[in-house]
Amino acid sequence: MLKVGDKAPAIELLDQNGKTVSLAKLGKKKVLVYFYPKADTPGCTTQSCGLRDIKADIGRTAIIGISPDKPEKLKKFDDKYELGFTLLSDVEHTVSLAYKVWKKKSMYGREYMGVERSAFLIDANGIIQEAWYKISPKDTPLNLLKALGK
């Protein structure tokens, strides 16, 4: 697992508008990168809308959501809930693997691979300031505010 003080793995994926977004090109600002299993499901909606609702309280900190969904589905999710931040498509799971959130999961006795809901606060120099694995949807915005001293 990644931990505080580690260099954040590179991110370069398509966003909900089909444009390539990279962590390196965001400039010198803090970034919350959160991973969620599937757009427009109850937990992911709670998490994303919670972050949308605190955007005005986090200053210049950028928010980036990453899921295995295709850009078209991310666009519908963004439009439906007016999220207003970047959602990235990790269909090949390359970034999820780099952040160690692509895991074996089980539900009702069936095992499968999927995203473990997690979030990372990355500083302006690309260093992980906070790493929250297995985070609950409701705790994501609260943890971000606390980490930013808000």
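Note on segment 52-73: among residues that are touching a residue at least 40 places away in the same chain (Cβ under 8 Å) and touching a Ser or Thr at 6+ places or on another chain (Cβ under 6 Å), the one that is farthest from PHE35 (Cα to Cα) is PRO71. Check whether at least one residue in segment 84-99 is over 21 Å from LEU145 (Cβ atoms), in contact with a Pro (Cβ under 8 Å, 6 or more places away or on another chain) and either free of Cβ contacts under 8 Å to residues at least 60 places away in the same chain or of a type in the set (Lys, Arg) (or both), and report yes or no. Yes: one or more hits.
Here LYS80, LYS76, LYS146 are screened, and the one residue that is modelled with pLDDT of 95 or more, among the basic types (Lys, Arg) and either crowded, with 19+ Cβ neighbours inside 10 Å or closer than 18 Å to VAL4 by Cβ (or both) is LYS146. Residues in segment 10-20 that are among the aliphatic types (A, V, I, L, M) and closer than 11 Å to VAL95 by Cβ: ALA10, ILE11, LEU13. Residues of segment 128-143 being more than 13 Å from the chain's Cα centre (by Cα) and assigned to a loop (DSSP other than H, G, I, E, B), which ones? LYS138, the sole residue that qualifies. Read through the list (1) over 27 Å from GLY27 (Cβ atoms); (2) under 15 Å from the mean Cα position of the chain (by Cα); (3) not aromatic (Phe, Trp, Tyr), then give the number of the only condition that LEU83 fails. With respect to (1) over 27 Å from GLY27 (Cβ atoms); (2) under 15 Å from the mean Cα position of the chain (by Cα); (3) not aromatic (Phe, Trp, Tyr), LEU83 is out only on (1).
The values are calculated or read from the model by the stated rules, or taken from the named source; none is laboratory data. Bear in mind that the values here come from a model prediction, so they are computed numbers and not experimental data. We place every Cβ from the backbone using ideal geometry, glycine too, and count neighbours over all the protein chains shown.
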